[in-house]
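**Student:** Below: one structure in structure tokens.
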Amino acid sequence: MIYLIEDTINGILMGSIYGLTALGLTIIFGVLKVVNFAHGTLLMVSMYAAYWTVALSGLHPYLALVIVVPVMYVFGYYLQDIVIKPIFKAEKDVREPSTVIIVTTGVWYVLDNLTLMIFGPQYRTLPNNPLQGKMIELGDMFISVPKLWGAITAVATAFAVYYFFQKTRTGRAIRACSLDRDAASLCGINQYKIYNMAFGLGTAVTGIAAVTLVPFYNTFPSVGVLFDIKGFIIVVLGGLGSIPGAIIGGIIVGIIESVGPQFMTATWTEAIVYGLFLLVLFVKPSGLFGVKYDW
Amino acid sequence: MTGKPMTGTGRNNAPCETDDAFLDRSALARQVVKDTISKVLLGAVLILMLALPAVISSPTWLHIIVLIFFYAYLTTSWNMVGGFAGVLPLGHAVFLGIGAYTSTVLSLQYGISPWLGMFVGGVLAVAAGMVIGLPTLKMRGAYFALATIAFSEGVRVMVENIEYLGPFKLNGPRGLQIPPLNIGWANFMFSSKVPYYYIILAMLLIILFLTWVVSRSKLGYYLTAGGEEPEAAQALGVNVSRAKVIAMALSCFFTALAGTFYAQFSLFIHPKSTISLDISFEIAFIALIGGRGSIAGPVLGALLLRPVSDLSRIYFGDILPGMHLVIYGVVLILVMIYQPRGLQEPLTRIYDRVINRMADGFIKGGYK
């Protein structure tokens, strides 16, 4: 019984971090109406950025935030500006341009394999990591400290993003664009700039996720693929475009993954997650918290 | 050359564009000459293909060429649903895997010839395709793509975990090895690569012919209409979902046939090599770079991309791993930005120009 509780807690913690990795995906989808297939790759890039910041400067792992977040914002901003914007302009009338999916897949392949060529396939863990293997003892239960901090960061980030979208002027402009591009443009909003900003914001949030992951997760070139597919599952579970949905979808996946192995082989839980994803897609494609779109 | 047919085959500028009733005789003659040149060229390419194994003796090169045809075939099957129907399936490797596993299990355990198992696999793949296609084909854009990815990955994880599926031995992650004992046509197993070459060539020609038939049939028009303007097509009474489902069934069936070919060609299948996302994405990439929704596109894409992949793996595999995928990605991005209809469009234009030039030459020569 105690194991079940311990696994559930760990599942919730890890799940919130999954939710944080998927948050950027849902932000970008909410505004651009495009599933960014390069999302896992952006996470991978952020993880390398965080890894090298910490490894070279010797800072505390969480202080890497100060460098990684702005760097990733700029990276996302210009990635959208240079690679994705031309397609948006070409397919102005299409509600959900499928060409963008293809281009982001191209970005995924290029960045993943460039990283492989430059940094090699080895798994990297932080040197002199102060958080390595740190645990809190709670009676008979052990709770990983970096995961706990990750979960707290996840919830805090979700609230911050939500607040930003609801209360600030820029946030309102972004929401206006996501509701109706043309009407927003007529009101004097520069829609392409908003897209760049939304993409940059999504990438910056992914940077936060990467900083919380690096202290307890390996960094390697194909790490993005793991989180890519998981991210899709999470955002569809929670509802594409929904911010609380991303965190809660993440927690559901996290609990299945950590409690499941109590009852079956660990690899089967993966199949269950895929099954649940398909079930949600068949029964309620808008997800748990999603807005009903016309799919 | 203003009224170019939309299908973009490039080979068939048949005299159908008779917007003016007074078609002048020399234009007609010119059209006939152009058709003849196209046919002669096509025939020459065919003869060249048939004679190729006699010229190329190196098994490595033959292997590369077989793989080019294999991918051209796979992509052409993909194109039926991914190209004409305008959706984006990204998990087609699962049907390849179903085909490979079905025929292999049947031949290893029950001694049934892979030639028969091939079609059993095809039918099973259609069933699987319906499971995933019926609920999701109606959805737009990304949802279908995500569903196909999840389905394919889910099946892969399951196959990796299953040792015995009822009476059938799948052998989990270790996969199945086909012992090369009974070599011969009846068992779809050969010691040389030449028969494989002819088999995949025949399969490719059949699927190309079939795509040509489909693109000219009512189904093809329904698919194109439904892919470009679903609302308008539906308003005109086209049952778009039904057309998509039929296209999906065809596509699954033919992809599964390629699975059997793959199993017999490599004599070893395991979940990661057959039901892999890499294959699914590579198929989609080839189709998109070549030009989705056209007949020539997948073949052109395979011709251009597969050698890049194989040669860079041979020559740079050790120093620069993954280089071919970087090239794929860059080419894909550039093509999508500058030639959204794929490379077949500029190539078709060049081909037309060459044919025109040749027709001019012939006509002038004839009048002298």
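The values are calculated or read from the model by the stated rules, or taken from the named source; none is laboratory data. Keep in mind the model is a prediction, meaning the values are calculated, not measured. With ideal geometry, Cβ positions are generated from the backbone for all residues, glycine too; neighbour counts draw on all protein chains shown. SASA here: full protein model, heavy atoms, side chains in, ligands and nucleic acids out. Shrake-Rupley method; radii C 1.70, N 1.55, O 1.52, S 1.80 Å.
**Student:** At R0 = 25 Å, how high is the FRET efficiency between residue A:282 and residue A:262 if r is their beta carbon distance? Nearest 0.05 is fine.
**Tutor:** Values: r = 28 Å, r/R0 = 1.10.
Step by step, r from the Cβ atoms, then E = 0.35.
**Student:** In a solvent-free Debye calculation with one equal scatterer on each Cα, what is log10 I(q)/I(0) for chain B at q = 0.06, 0.14 Å⁻¹, listed in the order of the q values?
**Tutor:** -0.25, -1.25
**Student:** Taking chain A as the reference, fit the longest principal axis to its C-alpha atoms, fit the long axis of helix A:65-79 to the helix C-alpha atoms, and give the angle between the two in degrees, 0 to 90, nearest 10.
**Tutor:** 40
**Student:** State in Å² the accessible area per residue of the stretch A:1-90; use a 1.4 Å probe, count heavy atoms of protein chains only, and round to the nearest integer.
**Tutor:** In whole numbers, the stretch A:1-90 has 34 Å² accessible per residue.
**Student:** For the interface of A with B, what's the total buried accessible surface in square angstrom, probe 1.4 angstrom, rounded to the nearest hundred?
**Tutor:** In total, this chain pair buries about 3500 Å².
**Student:** Along the stretch B:353-362, what does the Karplus equation 6.51 cos²θ - 1.76 cosθ + 1.60 (θ = phi - 60°) give for ³J(HN,Hα), rounded to whole Hz, x for Gly and Pro?
**Tutor:** In residue order, the calculated couplings are 5, 4, 4, 4, 4, 5, 4, 4, x, 4 Hz.
**Student:** Sort out the exposed loop GluC sites (Glu not before Pro) in chain B (DSSP loop, at most 16 other Cβ within 10 Å) and tell me the longest stretch that has none. List each step's numbers first, then the result.
**Tutor:** Numbers: sites that count: B:17, B:163.
In short, B:164-368.
**Student:** Next up: How large a share of the accessible area of the stretch A:2-222, in percent, is made up of carbon and sulfur atoms when the probe is 1.4 Å and the other protein chains stay in place? List each step's numbers first, then the result.
**Tutor:** Working: 5860 of 9140 Å².
For the stretch A:2-222, the apolar C and S fraction of the accessible surface comes to 64 percent.
**Student:** Same structure, new question: In the neighborhood of residue B:80, defined by Cβ-to-Cβ distances under 11 Å, what is the net charge if each Lys or Arg adds +1 and each Asp or Glu adds -1?
**Tutor:** Numbers: positive: B:244, B:292; negative: none.
Its environment carries a net charge of +2.
**Student:** When all alpha-carbon pairs of chain A are counted, what percent fall beyond 27 Å? Provide the component values of the computation, followed by the final result.
**Tutor:** Numbers: 17232 of 43365 pairs.
Tail of P(r) above 27 Å: 40 percent of Cα pairs.
**Student:** Please give, to one decimal in nm, the separation of the simple spin-label points placed at residue B:48 and residue A:57, each 7 Å out from Cα toward the Cβ.
**Tutor:** 5.9
**Student:** For the stretch A:121-224, run through the chymotrypsin sites (Phe, Trp or Tyr not before Pro) and keep only the ones in DSSP coil with at most 14 other Cβ atoms within 10 Å of their Cβ. Intermediate values should be presented prior to the final figure.
**Tutor:** Working: sites: A:123, A:142, A:149, A:159, A:162, A:163, A:164, A:165, A:192, A:195, A:199, A:216, A:217; in loops: A:123, A:216, A:217.
Sites meeting the loop and neighbour criteria: A:123.
**Student:** Give me the number: length gained by fully extending residue B:28 to residue B:41, i.e. 0.36 nm times residue separation minus the C-alpha to C-alpha distance, one decimal in nm. Mind showing how you got there, number by number?
**Tutor:** Details: separation 13, 0.36 × 13 = 4.68 nm, distance 1.99 nm.
Fully extending the segment from residue B:28 to residue B:41 adds 2.7 nm.
**Student:** Can you tell me which of B:186, B:125, B:302 moves the most in a GNM of chain B? Springs connect C-alpha atoms under 10 Å apart.
**Tutor:** Top of the fluctuation ranking is B:186.
**Student:** Now a separate question. Considering only protein heavy atoms and a 1.4 Å probe, what is the carbon-and-sulfur percentage of the accessible area of the stretch B:175-238? Before the final figure, lay out each step's value.
**Tutor:** Details: 2340 of 3530 Å².
The C+S portion of the solvent-accessible surface of the stretch B:175-238 is 66 percent.
**Student:** Hand me the chymotrypsin sites (Phe, Trp or Tyr not before Pro) from the stretch A:223-277 located in a DSSP loop with no more than 10 other Cβ atoms within 10 Å, in residue order please. Walk me through the intermediate numbers first.
**Tutor:** Details: sites: A:227, A:232, A:263, A:268, A:274, A:277; in loops: A:263.
Here the chymotrypsin sites (Phe, Trp or Tyr not before Pro) that fit, given the DSSP loop and packing criteria, are A:263.
**Student:** Counting only helical runs of four or more DSSP H residues, what would the 222 nm mean residue ellipticity of chain B come to if each run contributes -39,500 (n - 2.57) and the total is spread over all its residues?
**Tutor:** Values: 14 runs with 259 residues, N = 368.
Calculated from helices alone, the mean residue ellipticity at 222 nm is -24000 deg cm²/dmol.
**Student:** While we're on this one: Could you sort the residues of the stretch A:104-122 by number and keep only those whose accessible area is reduced by 20 Å² or more in the all-protein-chain setting relative to the chain alone, 1.4 Å probe?
**Tutor:** At a threshold of 20 Å² (probe 1.4 Å), the residues of the stretch A:104-122 that become less exposed are A:105, A:106, A:108, A:109, A:110, A:113, A:116, A:117.
**Student:** In straight Cα distance, which lysines are under 19 Å from residue A:284, not counting same-chain residues fewer than 8 positions off?
**Tutor:** Result set, ordered by chain and number: A:33, A:230, A:292, B:138.
**Student:** Can you list which of the trypsin sites (Lys or Arg not before Pro) found in the stretch A:1-107 are DSSP loop residues with at most 16 other C-beta atoms within 10 Å?
**Tutor:** Working: sites: A:33, A:89, A:92, A:95; in loops: A:33, A:92, A:95.
Those that pass, being in a loop and sparsely packed, are A:92, A:95.
**Student:** Among B:172, B:237, B:117, which one shows the biggest mean-square fluctuation in a GNM of chain B, springs joining Cα atoms closer than 10 Å?
**Tutor:** Greatest mean-square fluctuation among the candidates belongs to B:237.
**Student:** With springs only between Cα atoms under 10 Å, which of B:182, B:79, B:171 fluctuates most in a Gaussian network model of chain B?
**Tutor:** Of the options given, B:182 has the highest mean-square fluctuation.
**Student:** Further, regarding this structure: Within 15 Å, Cβ to Cβ, of residue B:322, how many net charges do the neighbouring residues add up to if Lys/Arg are +1 and Asp/Glu are -1? Walk me through the intermediate numbers first.
**Tutor:** Details: positive: B:313; negative: A:112, B:278, B:282, B:310, B:318.
Net charge in that neighbourhood comes out at -4.
**Student:** Given points 7 Å out from each Cα along the Cα-Cβ axis, report the residue B:216 to residue B:320 separation in nanometres with one decimal.
**Tutor:** 4.4
**Student:** Between residue A:123 and residue B:357, what FRET efficiency follows from the Cβ-Cβ distance if R0 is 56 Å, with the result rounded to 0.05? Kindly include the intermediate steps, with their values, before the conclusion.
**Tutor:** On the way: r = 58 Å, r/R0 = 1.03.
The calculated FRET efficiency here is 0.45.
**Student:** Post the alpha-carbon centroid distance, the stretch A:1-35 to the stretch A:135-181, in whole angstrom.
**Tutor:** 10
**Student:** So, for the stretch B:95-235, what is the accessible surface per residue at a probe of 1.4 Å, expressed in square angstrom?
**Tutor:** Values: 6270 Å² over 141 residues.
Here the per-residue accessible area is 44 Å².
**Student:** Tell me the relative contact order for the stretch A:101-218 as a rounded percent, counting alpha carbon contacts under 8 Å between residues six or more apart.
**Tutor:** Details: 66 pairs, mean separation 37.7, N = 118.
This gives 32 percent for the stretch A:101-218.
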